[in-house]
């Protein structure tokens, strides 16, 4: 079944950098059966200390600017997509999460950089960890086609989500290449099983190949769309999340235009305390990243935070 992103929520800054974000959102809308795009601008919380009349006037003028922005980009989106401007006051990251709780979008689109462009912005970090839906973090220098798509794969039950979405995006960008990277390793204590490191590593590689072939067969994957890359972690492992330096090195080497990560559905508290693969890559990688979640992931946490 073709993936859909019927409802998008875009955090706009009403600045020049919005162009990159809106262009990518319009591209996705054309291939993901999008019907509603909410253009959300969050005014700083310190304005809440001003008079009610001042806040109303500021919100109205900001809404006019959002309407102008929507009109400017109207032709880039499919004609059946509604562009809806929304203005709120408060902390941007928290307001986006609160809006997501009420709007239930399939995708949130944000710029990933902080003001100095050297690291992940706090707003993007908060939303990427806690959003109840998929999140697209667009790099400021994201331009041209998504010709190189990178998919770290762990063969979990959600692995096919990333492959399916990657195939959809690749189809939208002709001649796009999708690299599927799986990192395999040797567990600590391997010698107790009477095998050398190389023997155990070769066994793990064969298991990974078998898992890939099983995935291809079960989901009728077109192998021509994907290039499988198997990387050995030379350090005996305890947890899979320790593989992230190998994945990060692969991404830096491959220089993809888009990285697609499939979340395992772990909550924000777990990600904060332990550091999942997705959380680490979102933090460390400067590429455009799509973090895929299934509907309802993290929803209980958000309800506990924001609902009375």
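Checking 32, 25 one by one, the residue that is surrounded by 19 or more Cβ atoms within 10 Å (Cβ to Cβ) and at pLDDT below 90 is 32 and no other. For segment 117-139, state whether one or more residues are touching a helix residue (DSSP H, G or I) at 6+ places or on another chain (Cβ under 6 Å) and within 28 Å of residue 57 (Cβ to Cβ). Yes, the conditions are met somewhere in segment 117-139.
The sole residue among 162, 249, 171, 224 that is part of a helix (DSSP H, G or I) and in contact with a strand residue (DSSP E or B) (Cβ under 8 Å, 6 or more places away or on another chain) is 162. Look at segment 277-296: where a residue is under 19 Å from residue 32 (Cα atoms) and a partner is surrounded by fewer than 21 Cβ atoms within 10 Å (Cβ to Cβ), sitting 6+ places away or on another chain with Cβ atoms under 6 Å, you get 288/139; 288/142; 292/161.
Kindly establish whether residue 161 is surrounded by fewer than 18 Cβ atoms within 10 Å (Cβ to Cβ), under 28 Å from the mean Cα position of the chain (by Cα) and touching a residue at least 40 places away in the same chain (Cβ under 8 Å).
Criteria not met by residue 161.
Scanning segment 143-159 for residues being touching a helix residue (DSSP H, G or I) at 6+ places or on another chain (Cβ under 8 Å) and assigned to a loop (DSSP other than H, G, I, E, B) gives a total of 5. Within segment 124-143, residues that are at positive phi reach no partner that is assigned to a loop (DSSP other than H, G, I, E, B) and surrounded by fewer than 22 Cβ atoms within 10 Å (Cβ to Cβ) with beta carbons closer than 9 Å at six or more positions or on different chains. Answer yes or no: is there a residue in segment 40-52 that is touching a residue at least 12 places away in the same chain (Cβ under 8 Å) and in a loop (DSSP other than H, G, I, E, B). Yes.
Selection over segment 1-39 of residues that are over 24 Å from residue 91 (Cα atoms), part of a helix (DSSP H, G or I) and in contact with a strand residue (DSSP E or B) (Cβ under 8 Å, 6 or more places away or on another chain) gives a count of 3. Going by the structure shown, is residue 233 over 25 Å from residue 167 (Cβ atoms), modelled with pLDDT of 90 or more and buried (at least 16 other Cβ atoms within 10 Å of the Cβ)? So residue 233 fits the description; yes. Restricting attention to segment 205-229, the residues being over 25 Å from residue 171 (Cβ atoms) and touching a residue at least 24 places away in the same chain (Cβ under 8 Å) number 2.
Entry remark, segment 77-94: residues being at pLDDT below 95 and under 22 Å from the mean Cα position of the chain (by Cα) number 4 in total.
The values are calculated or read from the model by the stated rules, or taken from the named source; none is laboratory data. Note that the structure is predicted; figures quoted are calculated from it, not measured. As a convention, Cβ positions derive from the backbone with ideal geometry for all residues, glycine included, and neighbour counts pool all protein chains shown.
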